[in-house]
Structures are given as C-alpha cells and as structure tokens.
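Engineer: The structure that follows is given in the form of structure tokens.
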Amino acid sequence: MAALLATDPTARAAAASDPLGLYVHWPFCRAKCPYCDFNSHVSDSVDHALWRNLLVRELETLAPRVGGAADGTRRLVSIFFGGGTPSLMEPETVADVLEAARRLFRFNNDIEITLEANPTSVEAAKMAAFRQAGITRVSLGVQALDDASLRFLGREHSAAEALAALDAVRAQFDTVSFDLIYARPEQDLAGWLRELERAIALEPVHLSLYQLTIEPTTPFYARHARGEFALPDDDGAADLYEATQEILGRAGLPAYEVSNHARPGHECRHNLVYWRYQDYLGIGPGAHGRLSDGRRGAAKTATRTHRAPTIWLDRVAREGHALVDDAPIPRDEALMEAVLMGLRIDEGLTEDRCRHLFGAAPADLFEAPALEGLVAAGFLETAGADIRATAAGRARLDAVTARLLQHARPLTGR
C-alpha cells in the first residue's frame, strides 16, 4: 500500500497557488432514508474516541500528498463534514480534526467550515459546541415542509421539528442552508409553488433544491419498479424546475448552480471547489479526492478510501490510511469531469481554470462547429473566452454536455 502514497513534487509546486478543500466523511445515521444511496450506515453504538483518533490519523497520513503549512504550499479554503449525519458526531471530534488541519495546512482567513445536520440531531447546546469547535456554516436536511411528504421520504422529523431545528441552528450560525426535495409523487406545480413560498418566507441565504431521483441501490427503486408510486413525467419535472428558477430569482436567490440557490456572497465555497475542478482531499470511509498530478498525460489523481466503516477503521489503524484507489486521471478524462462539473455553475468553464488545467482557452478544447451549434441553438453562450450554459442549456444539461464532449479535442500528449 505504500506505493499509493507516492507524490510528485512537480505537481505539488504547480498546485501551490490553487485553493484546496477538505472533505471529512462521517458514515453514520440514525435511520437510512429510502431514497438515499450515499455511504451511510445505521449503528447502535459508535466508539467516538476511536473515530476521532483515526480521522485525525488518516488526515495526517494523506496531508503530505498536497503540501502542508510548514512549507506554505497549500491553503485550505473550505472544510466540509458530510455523511451520513455529521451532526451525530461529538463536537470534540470536529475540534480535533480542525486542530490537525490547522497544523497541516494554511487556513484562508475566511475559511468556510460546513457541518451537515439533520433536524432530529439538532440540539441547541450541541450547536453551540460545534460553533465553539470551529464550524462556521450548517446545512440542514429539511427535505420537505409538510408531514405527509416527510413520512413518504422516510424522514424521522416533522415539519414543525424541522422549523424548530432551523431556529436553533440560526441562533448559533450566521450562514445556514437547508435542503428540499421536489418532483415528489403527486406533487403538482401549484403545491410546489406554495412550498417554495413557505421556504422563501423563512428568509434563507442558501437553498439546495433537488429533484427526487430513483437510484438502483435504494429501497425506493424496488417500490417504484412495483408501481407503488410514480414521479412526475419529464415535462412535469421541467415545469417544476423552470418555475423554481423564476420564483427564487425574483426572491433574490438566483441559481448559481443547477440545484443550488444563494443570496450573493452566500454560495457554498466547498461545493464550488468541486464544480471548479479544484483540488480536494477526502478522509473517512468512502471519501473521494481529486489532487493535482504532475505525471505525463495526467491532469489529476483520483483517490478513494474504503467504504465499509469497520474495514476503514482497521486499515487506518494498521497503515495510517484506507486508500483503495489512487490513480492518475488521463487529461482527456479530466476534461470530461471538468466539463460535467463546470457547466453546472453560472460562471461556466472559465479561461483561467481551463488554462490552469489544460493549457488552453475553453473554445480551443472543442471542435468549433459543435460548440458554435450549441451556441446558435441557445444552449451555451460565450462571455469573452469563457463558456457557460444558458438557462435553456442548464434545463437539459445532460444532453448539452454529452454533445459537447462528443466533440472534445484530444488532450493526451499536449
């Protein structure tokens, strides 16, 4: 396994000025939601001291891959505690991980440190302790604002409990986001608009709004296949999406990403690291990472740790890390990832990022007739040397990105 930890000093030097994110995965939940395909597990008991120590150990082992505070090569712009349900962690675990990160990296002065939370695990005293530990932003999994929908989604909280949790979180944190799931069974446009208006009345600074999707590994998959429920058809889902964009735009919460809306200045910085295809380090079970790579023909290294909590614990205890994947991403594949991520956000594929990653302006990465055709059709637009999706393009982004990538110019060997 030692070979997995090899690093290239050239890559480290090249990435020195690039922002870095840190993702910390907490894999435990009180219950598994029937729509969720994330790496989450229900456990009756958790050895918090052991998890605290081994999360810190894996961070200490993997940090040299991206440089540290000692040589001043990297700066952390964001840390994200995701899951699972990270609000089930002890605040001491957050504090120890952040203390280790401060030793190993240089923190941005305005670093964003996010904790995902569920309403059932929000307690006023615990939220105060998380703030004391260093959390600056909380993302709350509300998911719906009516009890019938929450029961269908398998959530353990009621709408009233979600609102009480939102109040408790806001009492401690200035930046709070919450999630809603829409395009639910039997949800029509009028009902969703009423729910959106209730959400807007709560005066959020950030909203994440996801259409319900049926993933093959979830209980919903079998129930949907048996015909127990039906989702809105494509036209109905498109109507819901377009109305969402219009209403939240008028409310001062424009979409800065396909599913994410924020008041200016409150965009999630950590997720922007992903969408801009910047570097991020992942620790904890099943955590992914993308790191700069100086090897010929590669743009990034993809890392992933073992998904199973017990195996992750054993490997980190024995070897200091639980990496199971640590492979260079060829430049052509990296371009595909960068396009899939970059066209999701309103800034699109910027000249600065494309030159940094691929040594070329965005337009030079694709065959001109294909790019010009998508622009003429109203799905993409250019702003200077940048390329971004229009509102129409973002509404059908899968098809637009597939078309563009079919006509990507080869990068290997550049």
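The values are calculated or read from the model by the stated rules, or taken from the named source; none is laboratory data. This structure is a prediction, so every number in the text was calculated from the model and none was measured. Positions of Cβ are backbone-derived with ideal geometry, glycine not excepted, and every protein chain shown enters the neighbour counts. Quick note on the areas: whole protein, heavy atoms, side chains included, nothing else; ligands and nucleic acids left out. Shrake-Rupley method; radii C 1.70, N 1.55, O 1.52, S 1.80 Å.
Engineer: First measure r as the distance between the Cβ atoms of residue 174 and residue 318, then evaluate 1/(1 + (r/R0)^6) with R0 = 51 Å and state the FRET efficiency to the nearest 0.05.
Structural biologist: 0.75
Engineer: Could you work out the helix-only [θ] at 222 nm for the chain, with each DSSP H run of four or more residues adding -39,500 (n - 2.57) and the total divided by the number of residues, to the nearest 500 deg cm²/dmol?
Structural biologist: Result for the chain: -11500 deg cm²/dmol, rounded to the nearest 500.
Engineer: Where does the charge balance sit around residue 158 when Lys and Arg score +1, Asp and Glu -1, over other residues with C-beta under 11 Å from its C-beta?
Structural biologist: Neighbour charge sum, excluding residue 158 itself: -2.
Engineer: Sticking with this one: Using Stokes-Einstein with the Kirkwood hydrodynamic radius over Cα pairs, what translational diffusion coefficient do you get for the chain at 10 °C and a viscosity of 1.306 mPa s, in µm²/s rounded to a whole number?
Structural biologist: 71
Engineer: Only four residue types carry charge here, +1 at the Cβ of Lys and Arg and -1 at the Cβ of Asp and Glu. Report the dipole size of the chain about the Cα centre in Debye, rounded to the nearest 20.
Structural biologist: Charge dipole, the chain, about its Cα centre: 1140 debye, nearest 20.
Engineer: Sort segment 256-309 into rounded, prolate or oblate with this rule: let a ≥ b ≥ c be the square roots of the eigenvalues of the Cα gyration tensor; rounded if a/c is under 1.5, and if a/c is not under 1.5, prolate when a/b is larger than b/c, oblate otherwise.
Structural biologist: It is oblate, given that a/c is not under 1.5 and a/b is not larger than b/c.
Engineer: For a distance above 20 Å, tell me the whole-number percent of Cα pairs in segment 280-360 that qualify.
Structural biologist: 43
Engineer: Here's another thing I want to ask about it. Place +1 on the Cβ of every Lys and Arg and -1 on the Cβ of every Asp and Glu in the chain, take the dipole about the Cα centre, and give the residue among 241, 171, 149 whose Cα lies farthest towards its positive end.
Structural biologist: Positive-most Cα among the choices belongs to 171.
Engineer: Let me ask something additional. Using 0.36 nm times the number of residues separating residue 235 and residue 307, minus their current alpha carbon distance, what extension gain do you get?
Structural biologist: Full extension from residue 235 to residue 307 adds 22.2 nm.
Engineer: At residue 222 and residue 327, where each label point lies 7 Å from the Cα along Cα→Cβ, what is the point-to-point distance in nanometres?
Structural biologist: With each label point 7 Å from Cα toward Cβ, the separation is 3.1 nm.
Engineer: Next up: Quick one: work out Rg over Rh on the C-alpha atoms of segment 321-414, Rh as Kirkwood radius.
Structural biologist: Rg/Rh for segment 321-414 comes to 1.01.
Engineer: According to the square roots a ≥ b ≥ c of the eigenvalues of the Cα gyration tensor, what is the shape class of segment 187-275, taking rounded for a/c under 1.5, prolate for a/b larger than b/c otherwise, and oblate for the remainder?
Structural biologist: oblate
Engineer: Rounded to the nearest 20 debye, what is the charge dipole size of segment 129-201 about its Cα centre when +1 sits on each Lys and Arg Cβ and -1 on each Asp and Glu Cβ?
Structural biologist: 260
Engineer: Within a Cβ distance under 12 Å of residue 380, other residues only, what is the Lys/Arg minus Asp/Glu net charge?
Structural biologist: +1
Engineer: For segment 259-402, what is the per residue volume of the convex hull drawn over the alpha-carbon atoms, in cubic angstrom?
Structural biologist: Dividing the Cα hull volume of segment 259-402 by its residues yields 135 Å³.
Engineer: Using the 4.7 Å Cβ rule, please list in number order the cysteines from the chain without any candidate partner.
Structural biologist: That list is 29, 268, 354.
Engineer: Which ³J(HN,Hα) values in Hz, rounded to whole numbers, follow from the phi angles of segment 209-214 under the Karplus curve 6.51 cos²θ - 1.76 cosθ + 1.60, where θ = phi - 60° and Gly and Pro get x?
Structural biologist: 10, 10, 6, 5, 10, 9
Engineer: On a C-alpha basis, how far is the centre of segment 253-282 from the centre of segment 316-343 in Å? Whole number, if you could?
Structural biologist: 19
Engineer: Further question on the same structure: Can you tell which of 253, 22, 231 shows the greatest fluctuation in a Gaussian network model of the chain with Cα springs below 10 Å?
Structural biologist: The residue that fluctuates most here is 231.
Engineer: At 1.002 mPa s and 20 °C, plugging the Kirkwood radius over alpha-carbon pairs of segment 119-217 into Stokes-Einstein gives what diffusion coefficient in µm²/s?
Structural biologist: 150
Engineer: At q = 0.22 Å⁻¹, what base-10 log of I(q)/I(0) does the Debye formula yield for segment 185-237 when every alpha carbon is treated as an equal point scatterer in vacuo?
Structural biologist: At q = 0.22 Å⁻¹ the computed log10 ratios are -0.93.
Engineer: I've got another one for you. Place a point 7 Å from the Cα of residue 128 along the Cα-to-Cβ direction; which residues of segment 81-102 have their backbone N under 16 Å from it?
Structural biologist: Taking a point 7 Å out along Cα→Cβ of residue 128, the residues of segment 81-102 whose backbone N falls under 16 Å are 91-92.
Engineer: Give, as a single signed number, the net charge of other residues whose beta carbon lies under 14 Å from the beta carbon of residue 171, with Lys and Arg counted +1 and Asp and Glu -1.
Structural biologist: 0
Engineer: Expressed as a fraction of 2.2 N^0.38 Å, the rule-of-thumb size for a compact globular protein of N residues, what is the C-alpha radius of gyration of segment 37-146?
Structural biologist: My calculation over the Cα atoms of segment 37-146 gives 1.14.
Engineer: Let me ask something else. In Å², and per residue, what accessible area does the chain have when probed at 1.4 Å with the other protein chains present?
Structural biologist: Per-residue accessible area for the chain comes out at 43 Å².
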